[in-house]
């Protein structure tokens, strides 16, 4: 057994750099595992839209091309294993597409593991009055949107991935899973940790949290971003995990960006609530005793995480159909740009109203004058302003009416109106996001294997 396990991440979200995984492996060929994170909270909603148009498209199709790009490394003898949640709403179909591309391009034999069981839609629909399904943000009962509910996926933990690793899987494709679990699993499998080894599992959870957003921990969106060398070649991160759970976070040599105490701390605090109770399916993590130490250029050691038993419930990411939306934009320039843009937006919505439609939701922004972060900064005297109007309604015809009101402002609006070059706003379906919980005991995962021969 290797004393140090090296795990990298080269995909932070669906839409991240498609060539990053192959580049990371080229620069760091001794990686044992490569994790690829495709799912944010909005991703399953996008996949739901995609699948509503084509039932076969409920996964991140980009992942298949990424797998193809890694074949040359496997042909040269690389032993790296891949773990990804790119399966989205349909891990099996994603796996079958990957198997086909592996066969077609002469990849050495590979075993694909498919983790399913996160789909809990039927469980919720069979007992919608259960108050645990109430919206975590608003408290609204799920019965209010039950007829429109179309997906519900629990955030599974690392247990199923560990099972797939022990079964010999080289590529593991999951649906909805907690992001850090993609790192916890190979660590637990490799070092034979027990699930009661709370502090080791907690350390691996911290490691997964630090690299799940890719280059954010190597300087991306850092307060010191302007000081970073070679931003265009910023390196993706990897960790060096030890048996006791202590690890070093770093990046390949001769890549851009930086791994410093500052960048690691920034990512450590990203999207966490209570630092004494960071909840995951694998552990309840306390970060209060964490210690970070610089141990070389672009090398930070992390120790001190403490763990307690995992919660009794899984978080669920559900989506429901919520009507339609459209966005229109115009550029206003010259004196009183913001005032003219504000009046222009009022006129557009007023004209929609005169056609008989009071839109359910609308939001108008005057970008360039401080509206990106309202209340923080304002420039009422700006000489240039981008007017953006977003609207939503369950009546598609109402949005069709809105879409016809943008272009006329070029000639009937204020002086200095321009920027209408992309045609009428496109009307798109809205899939709302519904976060809730589900009892852990009700959810069962399943691991399937596909053997891919040459």
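The values are calculated or read from the model by the stated rules, or taken from the named source; none is laboratory data. Quantities reported herein were computed from a predicted structural model and do not represent experimental measurements. In this analysis, Cβ positions are derived from the backbone assuming ideal geometry, glycine residues included, and neighbour counts consider all displayed protein chains.
Which one of the conditions (1) touching a strand residue (DSSP E or B) at 6+ places or on another chain (Cβ under 9 Å); (2) outside the structural domain of residue 201 (by TED's automatic domain parsing); (3) surrounded by fewer than 22 Cβ atoms within 10 Å (Cβ to Cβ) does residue 142 fail to meet, given that it meets all the rest?
Here residue 142 meets the rest and fails (3).
Residues of the range 3-15 being surrounded by fewer than 20 Cβ atoms within 10 Å (Cβ to Cβ) and assigned to a loop (DSSP other than H, G, I, E, B), which ones?
3, 13, 15 - these are the residues of the range 3-15 that are surrounded by fewer than 20 Cβ atoms within 10 Å (Cβ to Cβ) and assigned to a loop (DSSP other than H, G, I, E, B).
At least 1 residues that are free of Cβ contacts under 8 Å to residues at least 60 places away in the same chain, loosely packed, with under 15 Cβ neighbours inside 10 Å and touching a strand residue (DSSP E or B) at 6+ places or on another chain (Cβ under 9 Å) in each: list the strands (runs of 3 or more DSSP E) lying fully within the range 351-439 that qualify.
361-367
Return only the number of the condition from (1) within 19 Å of residue 38 (Cβ to Cβ); (2) in a loop (DSSP other than H, G, I, E, B); (3) touching a residue at least 60 places away in the same chain (Cβ under 8 Å) that residue 58 does not satisfy.
Evaluating residue 58 over (1) within 19 Å of residue 38 (Cβ to Cβ); (2) in a loop (DSSP other than H, G, I, E, B); (3) touching a residue at least 60 places away in the same chain (Cβ under 8 Å) leaves (3) as the failure.
Taking the range 258-276 as the search range and keeping residues that are at pLDDT 95 or above and touching a strand residue (DSSP E or B) at 6+ places or on another chain (Cβ under 6 Å), which one is surrounded by the most Cβ atoms within 10 Å (Cβ to Cβ)?
Going through the qualifying residues, I end up with 259.
For the range 302-311, name all the residues that are under 26 Å from the mean Cα position of the chain (by Cα) and closer than 14 Å to residue 242 by Cβ.
Of everything in the range 302-311, those that are under 26 Å from the mean Cα position of the chain (by Cα) and closer than 14 Å to residue 242 by Cβ turn out to be 302, 305.
Please state which one of 217, 183 is surrounded by 24 or more Cβ atoms within 10 Å (Cβ to Cβ), in a helix (DSSP H, G or I) and touching a strand residue (DSSP E or B) at 6+ places or on another chain (Cβ under 6 Å).
Being surrounded by 24 or more Cβ atoms within 10 Å (Cβ to Cβ), in a helix (DSSP H, G or I) and touching a strand residue (DSSP E or B) at 6+ places or on another chain (Cβ under 6 Å) holds for just one of 217, 183, which is 183.
Report yes if residue 82 is at pLDDT 95 or above, surrounded by 18 or more Cβ atoms within 10 Å (Cβ to Cβ) and not assigned by TED's automatic domain parsing to the domain that holds residue 211, otherwise no.
So residue 82 fails the test.
Report yes if some residue within the range 112-130 is in a helix (DSSP H, G or I), in the same structural domain as residue 11 (by TED's automatic domain parsing) and crowded, with 22+ Cβ neighbours inside 10 Å; otherwise report no.
The answer is no, given that none of the residues of the range 112-130 is in a helix (DSSP H, G or I), in the same structural domain as residue 11 (by TED's automatic domain parsing) and crowded, with 22+ Cβ neighbours inside 10 Å.
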